[in-house]
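Q: Sharing a structure with you now.
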Amino acid sequence: MNIKKITTALAISGTLLGFSGEVFAQNARIKIDLDRKIGEVDKKIYGNFVEHLGRCVYGGIYDLGNPLSDENGFRLDVLEAVQGLNVTLTRYPGGNFVSNYNWLDGVGPKEDRPARLELAWNRLESNQFGTNEFMDYAKLMDTEPYFAVNLGTGTIQEAQHWVEYTNVESGPYYAELRKKHGYEKPHKITYWGLGNEMDGPWQMGHLNAEDYAKKAREAGKLMKLTDPSIKLVAAGSSNFYPGSNPMAWNKTVIDELKNVVDYLALHMYVGNVDDNYYAFVASPLVLEERTKLVSGIIDEAMSRADRGDRDPIYIAWDEYNIWYRWRSSETMSGDIALEERYNLEDALVISSFLNAFIRNADVVKIANMAQLVNVIAPIFTNENGLFLQTIYHPLALFAQHAHGTSLDVFVDSEKYDTGSFALGLGEQRADLKDVPFLDVSATVLGDELIINVVNRHKDKAITTDILAIEGEFTGDFEVFEVNGPDIKAMNDFGKTNVDTKTKTLKGKGEKVTYAFPAHSFTMIKAKIKQ
Ligand code: AHR
């Protein structure tokens, strides 16, 4: 790491909001200007994802017979933890799984449901949990459902039948079938994904961009004829593997579907494979670069589109997370359970992903952490209980507080270059220049200002002047800090090393000064008036 521009003078003025510890020799600035608006933060960026994979459904949210579960099999301790995340939108049932899923296998009397060989993750799918169980759970979670249809082995007609089953009041066969299954009222699912990662050779029924666009257009047509109110999400590409050209895929798909779909789905997983902390905590900036690239492609296509009064196509980062270590599980056989255990540096990366979504609030309108429980997830269970992983805490804070309008914040902090580094599994590499030690986003709702700050510095706090341009801070500050003893600190059953600490501080006027502790995520909640 090459640290630039070290300043030796340490000037603190204004109100220093209490801190004791080692302070980095720099004075950073964050300028908040309420007139510099990026866009409305869509609450759907606080989404999550439930896939039939490992112990996400079975042994995660659903565990029939476990004393911790209710009579429907829903684990109540898990539900309570899930509710703490305020999950606004939940994607289901996959993922790679969906590309060999026949939704009809998962409805109707449980004893009649077939067990199937599930080829995405090489397991037996019992189908004891399906559409209606998910919708019951979605109600308890208070989340909006987002279904993905099978455009791999599935047909466009199966996709249409699913919309008929879930969304049509009564009359046609599948709407009546739902009623026969005990669901008199339609589920009214608005968000529908047209397949999953169809660009990837690993995907069952993998297609090239032209063939995918044709299939997606026809599936979308039938689905929309069934319920015109639904919103469609096309499968984009963010899979950079040797020989791939994800932006060419995105260009073709957006061009072909520019009048049809509402969102383009992108995915991103990062990992600290080389144990290179500073590169790893900067890696969400790559997501931001890709957001800008895709946004440009969308803008160009929108200039030629004929969408009437519909919104432009927005970006849905409908899978994002850290995924590179544990593939196995202590309680499952096989090596594809994806039971990552997260540490503090992972929590900082998640905070920066969320900052990136907020900084791009004008174009990113959906984001789903992958996944909700056990499988690369913020909540981790065994049959006796659960613990909250490190990444749970920033996600909960953002979802609970960071709403309203995203502000274009000016940040002046020391910077570093990462050099070339491995972005995660696979062969993707990145090389980031001028990475600020402070990663910042802000939202304003009424007179409530939220400032989200990741201090990427591993060892030092960074004192920072926070300046209100043409306004002033008017009272108490609530400060939430996600931190732990060191960057590798993890949580476990009965052991919490990383969580959120809250404090209230006083500060008034145009400027306050705060020392952001080393390797921390801090959310500051302030009142501001213009
Ligand atoms: O979230 C795990 C998997 O990652 C999903 O099934 C797939 O879409 C992606 O490759």
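Q: From ASN66, ASN72, ASN122, ASN150, which residue is at pLDDT 95 or above, within 16 Å of the ligand (Cβ to nearest atom) and not β-branched (Val, Ile, Thr)?
A: Among ASN66, ASN72, ASN122, ASN150, only ASN150 is at pLDDT 95 or above, within 16 Å of the ligand (Cβ to nearest atom) and not β-branched (Val, Ile, Thr).
Q: Exactly one of these conditions fails for LEU438: (1) in contact with a helix residue (DSSP H, G or I) (Cβ under 7 Å, 6 or more places away or on another chain); (2) crowded, with 18+ Cβ neighbours inside 10 Å. Give me its number.
A: Status for LEU438: all satisfied but (1).
Q: Inside segment 144-163, can you point out the residues that are open to solvent by 20 Å² or more (accessible area, probe 1.4 Å), part of a loop (DSSP other than H, G, I, E, B) and touching a residue at least 24 places away in the same chain (Cβ under 8 Å)?
A: Across segment 144-163, the qualifying residue is only THR153.
Q: Taking segment 257-296 as the search range and keeping residues that are within 16 Å of the ligand (Cβ to nearest atom) and among the hydroxyl-bearing types (Ser, Thr, Tyr), which one is surrounded by the most Cβ atoms within 10 Å (Cβ to Cβ)?
A: Selected residue: TYR263.
Q: Right, here's the next one. Would segment 85-104 turn up any residue that is in a helix (DSSP H, G or I) and in contact with a helix residue (DSSP H, G or I) (Cβ under 9 Å, 6 or more places away or on another chain)?
A: yes
Q: Cβ-Cβ below 7 Å, separation at least six or inter-chain, first residue in segment 84-104 and touching a residue at least 60 places away in the same chain (Cβ under 8 Å) and open to solvent by 20 Å² or more (accessible area, probe 1.4 Å), second near the ligand (Cβ under 9 Å from one of its atoms) and among the small types (Gly, Ala, Ser): which pairs?
A: ASN96/ALA120; ASN100/ALA120
Q: Do any strands (runs of 3 or more DSSP E) lying entirely in segment 344-402 carry at least 3 residues that are within 16 Å of the ligand (Cβ to nearest atom) and either within 22 Å of VAL453 (Cβ to Cβ) or in contact (Cβ under 8 Å) with a residue 60 or more places away in the chain (or both), and which ones are they?
A: 364-369
Q: Does ARG29 satisfy the condition of being away from the ligand (no atom under 16 Å from the Cβ) and either closer than 29 Å to VAL440 by Cβ or surrounded by fewer than 23 Cβ atoms within 10 Å (Cβ to Cβ) (or both)?
A: Details: away from the ligand (no atom under 16 Å from the Cβ): yes; either closer than 29 Å to VAL440 by Cβ or surrounded by fewer than 23 Cβ atoms within 10 Å (Cβ to Cβ) (or both): yes.
Here the answer is yes, as ARG29 does meet what is asked.
Q: Answer yes or no as to whether THR166 is open to solvent by less than 10 Å² (accessible area, probe 1.4 Å) and more than 16 Å from the ligand (Cβ to nearest atom).
A: Spelling it out, THR166 is indeed open to solvent by less than 10 Å² (accessible area, probe 1.4 Å) and more than 16 Å from the ligand (Cβ to nearest atom).
Q: I've got another one for you. When both residues are 6+ apart or on different chains and their Cβ atoms are under 6 Å apart, which pairs have a first residue that lies in segment 199-219 and is more than 19 Å from LYS251 (Cα to Cα) and open to solvent by less than 50 Å² (accessible area, probe 1.4 Å), and a second that is assigned to a helix (DSSP H, G or I) and within 16 Å of the ligand (Cβ to nearest atom)?
A: From residues that are more than 19 Å from LYS251 (Cα to Cα) and open to solvent by less than 50 Å² (accessible area, probe 1.4 Å), the pairs are GLN203/SER99; MET204/SER99; MET204/ASN100; GLY205/SER99.
Q: Listed residues GLU448, GLU472; which is open to solvent by 10 Å² or more (accessible area, probe 1.4 Å), in contact (Cβ under 8 Å) with a residue 60 or more places away in the chain and over 18 Å from ILE391 (Cβ atoms)?
A: Just one listed residue meets the conditions, GLU448.
Q: While we're on this one: Answer yes if at least one residue in segment 405-413 is of a type outside the set (Ser, Thr, Tyr), closer than 24 Å to ASP33 by Cβ, over 17 Å from the mean Cα position of the chain (by Cα) and surrounded by 21 or more Cβ atoms within 10 Å (Cβ to Cβ), and no otherwise.
A: yes
Q: Considering only residues of segment 227-256 that are under 30 Å from GLU169 (Cα atoms) and assigned to a loop (DSSP other than H, G, I, E, B), which is farthest from the ligand (Cβ to nearest atom)?
A: Initial filter on segment 227-256 (under 30 Å from GLU169 (Cα atoms)): 227-235.
Applying the additional criterion that residues be assigned to a loop (DSSP other than H, G, I, E, B) yields 227-230.
Values: ASP227: 25, PRO228: 28, SER229: 26, ILE230: 21 Å.
The qualifying residue farthest from the ligand (Cβ to nearest atom) is PRO228.
Q: Can you tell me how many residues within segment 404-446 are under 12 Å from TYR278 (Cβ atoms) and basic (Lys, Arg)?
A: Number satisfying all stated conditions: 1.
The values are calculated or read from the model by the stated rules, or taken from the named source; none is laboratory data. Model, not experiment: these values are computed from the prediction. All Cβ positions, even for glycine, are placed from backbone atoms using ideal geometry, and neighbour counts span all protein chains on display. These area figures cover heavy atoms from the full protein model, side chains too; ligands, DNA and RNA do not enter into them. Shrake-Rupley method; radii C 1.70, N 1.55, O 1.52, S 1.80 Å.
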